[in-house]
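Trainee: Dropping a structure here in structure tokens format, bear with me for questions.
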Amino acid sequence: MKAPKPDRLANVDDSAFAGRAGAWAEWPKTGRKSRKALLGTGRRDKLGGVGPDRAGFWAGATGVLALNRFVLGLRALWKSWTEPEFAGRVEGLLVKAPSGPDLRVLAVLQRDGRLVDFLQEEIDAYTDAQVGAAVRDIHRGCRKALKEYLTVSPILPGAEESEVTIAPNFDPASIRLTGNVQGSPPFRGVLKHHGWRVEAVHLPALPGARDDSSVLAPAEVEIS
């Protein structure tokens, strides 16, 4: 009978693993040869795996980095609770900048009709005549942009204030009922607004800023 083989685990020096978790802190301070020593030779040990020095180094480094992120998360959570301004900055990092057809519509209305400029302007100090003159130009530009980039049609035919009948299978997203709504359809009522449905969209792409924000209208600078 052959003698039993000695326990291979007993030959592994567990002390080689001790203290390696902190070795990563010395990495920037060491030369190339010293770094190799910190990582270990990379030769296979008796267990058939990577040398204990390298395994201990990476295990320690990963653990410390994960702990740092955990502590950072707790600090950010506490400041978000106690400092509204900080919470607003954090929210800006988590919320993706808006984009899509909604902003592209606004962009072309600003470009052709200066709609955003008008809505951002304080007009209380202007006379009705001044506002009316400005609105005429804005209406002309916005109407041109709407016809050029969107094809829209009324949801319900007919003139406003005319009587209409709402079928039982009507779409609540397309028809909003107001007033004394009781019972089940069909309903009869007076058309207050025919609504609008988009049939086709031909919108240009928004220019992408370097910070991934959506640009409605670029700033204009005249160079002399």
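Trainee: What are the residues in the stretch 171-180 that are modelled with pLDDT under 90 and surrounded by 10 or more Cβ atoms within 10 Å (Cβ to Cβ), if any?
Mentor: Answer for the stretch 171-180, where residues must be modelled with pLDDT under 90 and surrounded by 10 or more Cβ atoms within 10 Å (Cβ to Cβ): there is none.
Trainee: Here's a follow-up. Looking at (1) free of Cβ contacts under 8 Å to residues at least 12 places away in the same chain; (2) part of a loop (DSSP other than H, G, I, E, B), find the lone condition where residue 216 falls short.
Mentor: Of (1) free of Cβ contacts under 8 Å to residues at least 12 places away in the same chain; (2) part of a loop (DSSP other than H, G, I, E, B), only one is false for residue 216: (1).
Trainee: Search the stretch 147-169 for residues being touching a strand residue (DSSP E or B) at 6+ places or on another chain (Cβ under 8 Å) and more than 12 Å from residue 190 (Cα to Cα), and hand back the single one that is surrounded by the most Cβ atoms within 10 Å (Cβ to Cβ).
Mentor: Taking the stretch 147-169 and keeping what is touching a strand residue (DSSP E or B) at 6+ places or on another chain (Cβ under 8 Å), we get 149-156, 158, 161-166.
So of that shortlist, the ones also more than 12 Å from residue 190 (Cα to Cα) come out as 149-155.
Values: 149: 19, 150: 17, 151: 12, 152: 14, 153: 12, 154: 12, 155: 13.
Filtering the stretch 147-169 for residues that are touching a strand residue (DSSP E or B) at 6+ places or on another chain (Cβ under 8 Å) and more than 12 Å from residue 190 (Cα to Cα), the one surrounded by the most Cβ atoms within 10 Å (Cβ to Cβ) comes out as 149.
Trainee: From the list 143, 111, 197, pick out the single residue that is touching a residue at least 60 places away in the same chain (Cβ under 8 Å) and farther than 30 Å from residue 80 by Cα. Don't jump to the end; show me each part of the working.
Mentor: Details: 143 fails: touching a residue at least 60 places away in the same chain (Cβ under 8 Å); 197 fails: touching a residue at least 60 places away in the same chain (Cβ under 8 Å).
None of the other options fit; the residue is 111.
The values are calculated or read from the model by the stated rules, or taken from the named source; none is laboratory data. Quantities reported herein were computed from a predicted structural model and do not represent experimental measurements. Every residue, glycine among them, receives a Cβ derived from its backbone with ideal geometry; neighbour counts consider all protein chains shown.
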